[in-house]
Amino acid sequence: MATIGQLRAALAVLRAEVDDVAHQVSERETSGADSAGVQHAMLAGLLYRLIGADLRRTLTAAPDLASFEHRARAATPSTIAMRDEDLYDQAHFEAYWLTDRIAELHSEAAQAPPLAAAAHTAEATRALLRIQRDLAQGSGAVGHPAWESVLTQLDRARALARAAHAAAETTPQERIVTGPQEHIVTGPQEHIVTGATDAPS
């Protein structure tokens, strides 16, 4: 594990706003019993986000699909093996990270059934990864306490997705053709369809 000094050095090179993040953390953390651990998590989390954003920009800036695929193969865990990496623990952590990301988006959206469905799906993914990890370690998945949670989360996600889909199907749409761009107006929001294939994002 990297030291706090190493993390700070890496963040300094990237010119990260460590002080601003530390201020936000200090406003939420009231206990000082684990200050060193909190500081380490804060710095590692900030570095993780910065590097993740850099990778995303590298992939989405690819000039064409073939370049995107080459860049993705050079970076993704399914094609690049790392020694001593715990695949299940890392996948479970990244599912947790995704769940938190969705929760952040959901908190900023007033009515967002698709996000709520995504949150339930992400939680189900975490539970399924726990089940598979236990199975791989020799603990039987039959009767695993997480199964009930998985089924409940998936049922809720399905119901929300069906409701969102039904609402979208009944929303009146008006097509306005304006030269090379075609506008689809759906209530208060306007979506532009150009006819070109969007780059993966």
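The values are calculated or read from the model by the stated rules, or taken from the named source; none is laboratory data. Remember, predicted model here, so these are calculated numbers, not experimental data. Backbone-built Cβ (ideal geometry, glycine too); neighbour counts: all protein chains shown. Keep in mind that these areas ignore ligands, DNA and RNA; they rest on the heavy atoms of the full protein, side chains included. Shrake-Rupley method; radii C 1.70, N 1.55, O 1.52, S 1.80 Å.
Of the numbered conditions (1) exposed (fewer than 14 other Cβ atoms within 10 Å of the Cβ); (2) of a type in the set (D, E, K, R); (3) within 30 Å of residue 167 (Cα to Cα), residue 86 fails exactly one; give the number of that condition. With respect to (1) exposed (fewer than 14 other Cβ atoms within 10 Å of the Cβ); (2) of a type in the set (D, E, K, R); (3) within 30 Å of residue 167 (Cα to Cα), residue 86 is out only on (3). Do we have residue 26 as open to solvent by 60 Å² or more (accessible area, probe 1.4 Å) and either in contact (Cβ under 8 Å) with a residue 60 or more places away in the chain or assigned to a helix (DSSP H, G or I) (or both) here? Yes, satisfied. Note on the stretch 49-77: among residues that are assigned to a helix (DSSP H, G or I) and small (Gly, Ala, Ser), the one that is most open to solvent (accessible area, probe 1.4 Å) is 74. Checking the structure you have, find out if any residue of the stretch 120-139 is part of a helix (DSSP H, G or I) and open to solvent by 80 Å² or more (accessible area, probe 1.4 Å). Yes, there is a match, as at least one residue in the stretch 120-139 is part of a helix (DSSP H, G or I) and open to solvent by 80 Å² or more (accessible area, probe 1.4 Å).
Checking each residue in the stretch 88-107 for being in contact with a helix residue (DSSP H, G or I) (Cβ under 9 Å, 6 or more places away or on another chain) and among the hydrophobic types (A, V, I, L, M, F, W, C) picks out 91, 95, 97, 98, 102, 103, 105.
Check the stretch 73-86 and report whether any residue there is modelled with pLDDT under 90 and either under 30 Å from residue 159 (Cα atoms) or in contact with a Gly (Cβ under 6 Å, 6 or more places away or on another chain) (or both). For the stretch 73-86, residues modelled with pLDDT under 90 and either under 30 Å from residue 159 (Cα atoms) or in contact with a Gly (Cβ under 6 Å, 6 or more places away or on another chain) (or both): absent.
Here residue 39 passes the criteria (1) surrounded by 10 or more Cβ atoms within 10 Å (Cβ to Cβ); (2) at pLDDT below 90; (3) closer than 28 Å to residue 128 by Cβ except the one numbered (3).
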